Amino acid sequence: MTTLMQRFIPESREYLESAASGLLRLERDPTDQGLVNEVFRAVHTLKGASGLFELPGLTRLLHAAEDLLGAARENQLTLDSAIVDLLLDALDRVGHWVDELERSGGLPMDAEGVSAELSRKLRALLPECEGSAEAVSAVSQILPPGWLDNFTETEIQSAIAILGEGGPSLLAIDYLPNDDCFYRGEDPVNLLLQLDPVVAVKLAWHNHPVPLAELDPFRCQLRLRALTTMTKEAAEGLFRYVIDQVTLYPVPADALRPPVAADPRTDIEPASAPLAAIRATSAPLANSGMAGRLLAGQRRIAAMPGDPETLRRRSVALVATLTNLMHSLDWSALEFDLDGAGLAAAGGTPAPLLALIDLLQARLPVTADQSPLAMTADKDIGGLVATGIELRKSSRMLKVDQAKVDSLMTLIAELVVSKNSLPFLAKRAEDVYGSREMGREIKDQYAVIDRLAQEMQRAILDVRMLPVTEVFERFPRLVRDLSRKLGKQIELRMQGEDTAADKNIIEALGDPLIHLVRNAIDHGVEMPAQRLAAGKPECATILLAAFQDGDQVVIEVSDDGKGIDPAVIRAKAVEKGLIDAARAQSLSDQDAANLIFLPGFSTASEVSDLSGRGVGMDVVRTAIDKINGQVTLTSRQGEGTLIRLSLPLSMAVTRVMMVEIDGELFGVPMDGVLATVRIAATQIHHIKNAETFVLRDSIVPLVRLRALLDLPMQGEQAAEEAVLVARVGAHTVGLVVDRFREGMDVILKPMDGLLAGLKGYAGSAMLGDGRVLLVLNLKELL
Amino acid sequence: MPVICNKSTARFEEVCSIEEALPLLEFLKMTKAPKVDLRHCSYLPTALLQLLLLARPHITAYPEDAKLAGWLTPMLQNRLERDCVPIAAS
């Protein structure tokens, strides 16, 4: 993939996104001229950029969308929901194509057809069908008399030759570019030359050419004519963007003059003015080496292979060049059978023409090469490159590959961890080498490094921070589409879009949030009639809110719909065999609502394509768990539902609490730790053979980590137990450990290789003194 | 910058763009006997071609690119007529 394409793909996504979000806002307020302009510009820029590549389908579709938006911009039509639907469809399609471009470097096979169909639909919406470009083309124009006089005899003859073969019919093209066509990026001559095959091209001044002194080089003054055997449809396709400047005429066979008996060589125009000037000084021309180079060039062209069509066209050009050259050198063209050689070359035997050119070359005086000129020019290039570099301004935004930022972050995290070895070193200086002074100095240095490392870490985390807008911005579209589909009226409100969190967190949020919003639309919000009956406004509100809470990012999805009916949930859970009836009755309403997070639970009676495949909420919880987040749900029947996702700001460095058990160190992730308490043996209650204790008026089960980890139990019961109170899922557990140690930042490395299957461990981390710390996964352990 | 103008020769390099039109015009206006070297030119936009057709500089080398040379050479060697055929009434 070319660099240009690599830049085009992300850029086009940005433009598509901004166009789509602009359209959604426009639908609400179609009169906002600024918005129309914004969307128009996005689509227009994208269309222009796509023109750099060979993507006709994509460009055509964008062009149609642009025309429609252009009409809206000039107030010729109002963007209603139907038009917005169609435009969004078109943008979606372009989005898919861009994805496909990234994957395979090309458009899918059906792109042309889809593009034509969608463009047609878009154009059909244009006011007064004059906008339909295809319709403008002159369908049955009759070739004006004398039109063909623009072409030379030779060209006409080759045209006759083609028609005589009984081959395809001839098409005449009259292309009168607009004055300002260059400003629109049109390149008439090169466009015309894309005709394949082209029989002849003729340029003429459209008006009296302006003298050089007054010339505006950016006004096109040319008129172009061409003959081709291309079909009319193909030609229309080629000129689709300038079709209003082009007239196509089918050439009737009798319009071509009958072949003239006279020697065609007499028909050749006299050399043009500059050539005449050159001829006046023909000796310098011969000496300059130019004639020699010209001949050498012609010889190369003549010797090149090609298909019959190319050969024929090429020979016409060769003959013309050689004739003019001979004119300017004052050699008689009649001396050589140029036309005969040209015809042979057209027929695929270049030998006579090559021999002729050799003959001409032999006649030229030998000249010295002009290499000094080339050398000075090279020096010029060097100078230009240098100034180019100076001129290039450094851009303020830096686009960096994520992998680079990631590796930088890993390095900084390693630094954060390895600085932890300094306190150990200080202790060694004191204990082993008996130098308190040295120990203190190391500690001082440690404080400095510690501060810098933490600042670096904060800085790099900042780089990775993305605003939640990244995930939020897809929802206006989702809500709009779904609510229209379901016939519900929903207003989506968003708050705190600027709240930032780590890129990984933001990216992991996408799918769960889609589930939640879909659920809210599908299950939460009632039909307008039901809402009115319940005394609520017809239009429901879904609120997406994000805010930072300590070192957590909280995202709330709430609706003012019907809420969750705990009775229905209970019945459903029992029916699905997820819990038994007695247990269901004992649950509080709040806990009953939380049953929807159980795997395999679905309240939708029938599976719709929106939500309700019975996996939704379970998937949400699993995904949020994976990024160490929490999901809580509160619902009031008849008033609505609120789902709150609490997520860590970052997940690069994990803070763990270290505990000591049987002389070994273990880590417990800090976000699960609620408290560390010391419980006297007398405070431990035994319920059957389970131990519990009371913490802040609630009964907390007590688990001995020694037993869980299969370590030998302590012989005698201590008078006081160190208990780490942790939250595991929705439960609170007390873990009995031997001793508490300090908290520490570590980079958690997941267990891999042979240890990958080991349950109960979240991973391992390296300690400052080189020991390996195993970090427990309490959820798996209990 | 693919059009390089030195004292008397404008050298066209590879893909020339319409942005070159102004400097080229300046060159053609200011130079007494302008020369143009198209040898390494591989793409010539209409705006530049139009200038060449108008100013008729001495072409010291035609493009090595055969396709370009094929159409460009006759175009630059023949005098351009003023348009004599009226535009068809549409």
Filter segment B:9-47 down to residues that are in a strand (DSSP E or B), among the hydroxyl-bearing types (Ser, Thr, Tyr) and within 10 Å of chain A (Cβ to nearest Cβ) and give me whichever is surrounded by the most Cβ atoms within 10 Å (Cβ to Cβ). B:9
If we ask which residues in segment B:8-33 are more than 22 Å from residue A:220 (Cα to Cα) and touching a Ser or Thr at 6+ places or on another chain (Cβ under 8 Å), their number turns out to be 6
Only listed residue being in contact with a Leu (Cβ under 7 Å, 6 or more places away or on another chain), in a helix (DSSP H, G or I) and of a type in the set (Gly, Ala, Ser), chosen from A:453, A:429, A:447, A:501: A:453
Among residues of segment A:21-32 being in a helix (DSSP H, G or I) and open to solvent by 70 Å² or more (accessible area, probe 1.4 Å), the residue nearest to residue A:469 (Cα to Cα) is A:25
Residues that are over 30 Å from the mean Cα position of the chain (by Cα) and farther than 30 Å from residue A:573 by Cα: which strands (runs of 3 or more DSSP E) entirely in segment A:617-681 hold 3 or more of them? A:654-661, A:664-669, A:673-680
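Conditions (1) at pLDDT below 90; (2) buried (at least 17 other Cβ atoms within 10 Å of the Cβ), marked per residue:
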| position | (1), (2) |
| --- | --- |
| A:525 | yes, yes |
| A:538 | yes, no |
| A:545 | no, yes |
| A:573 | yes, yes |
Test set (1) surrounded by 13 or more Cβ atoms within 10 Å (Cβ to Cβ); (2) on the phi > 0 side of the Ramachandran plot - residue A:445 fails condition number: (2)
Conditions (1) within 9 Å of chain B (Cβ to nearest Cβ); (2) crowded, with 17+ Cβ neighbours inside 10 Å; (3) part of a loop (DSSP other than H, G, I, E, B); number of the one not met by residue A:203: (3)
Scan segment A:66-78 and give yes if some residue there is aliphatic (A, V, I, L, M) and either closer than 23 Å to residue A:479 by Cα or open to solvent by 40 Å² or more (accessible area, probe 1.4 Å) (or both), otherwise no. no
In segment B:71-79, is there at least one residue being at the interface with chain A (Cβ under 8 Å from one of its Cβ atoms), of a type outside the set (Ser, Thr, Tyr) and touching a residue at least 24 places away in the same chain (Cβ under 8 Å)? yes
If I ask for residues that are at pLDDT below 75, within 11 Å of chain B (Cβ to nearest Cβ) and open to solvent by 40 Å² or more (accessible area, probe 1.4 Å), which ones from segment A:307-337 would you list? A:327
In segment B:48-58, how many are touching a residue at least 12 places away in the same chain (Cβ under 8 Å) and either open to solvent by 20 Å² or more (accessible area, probe 1.4 Å) or at the interface with another protein chain (Cβ under 8 Å from one of its Cβ atoms) (or both)? 6
Expected single match for open to solvent by 70 Å² or more (accessible area, probe 1.4 Å), modelled with pLDDT of 85 or more and of a type in the set (Val, Ile, Thr) among A:432, A:479, A:463 is A:432
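The values are calculated or read from the model by the stated rules, or taken from the named source; none is laboratory data. Since the structure is predicted, the reported quantities are computational estimates derived from the model, not experimental observations. Cβ coordinates were reconstructed from backbone atoms using ideal geometry, including for glycine residues, and neighbour counts include every protein chain displayed. With ligands, DNA and RNA removed, areas are computed over all heavy atoms of the protein, side chains included. Shrake-Rupley method; radii C 1.70, N 1.55, O 1.52, S 1.80 Å.
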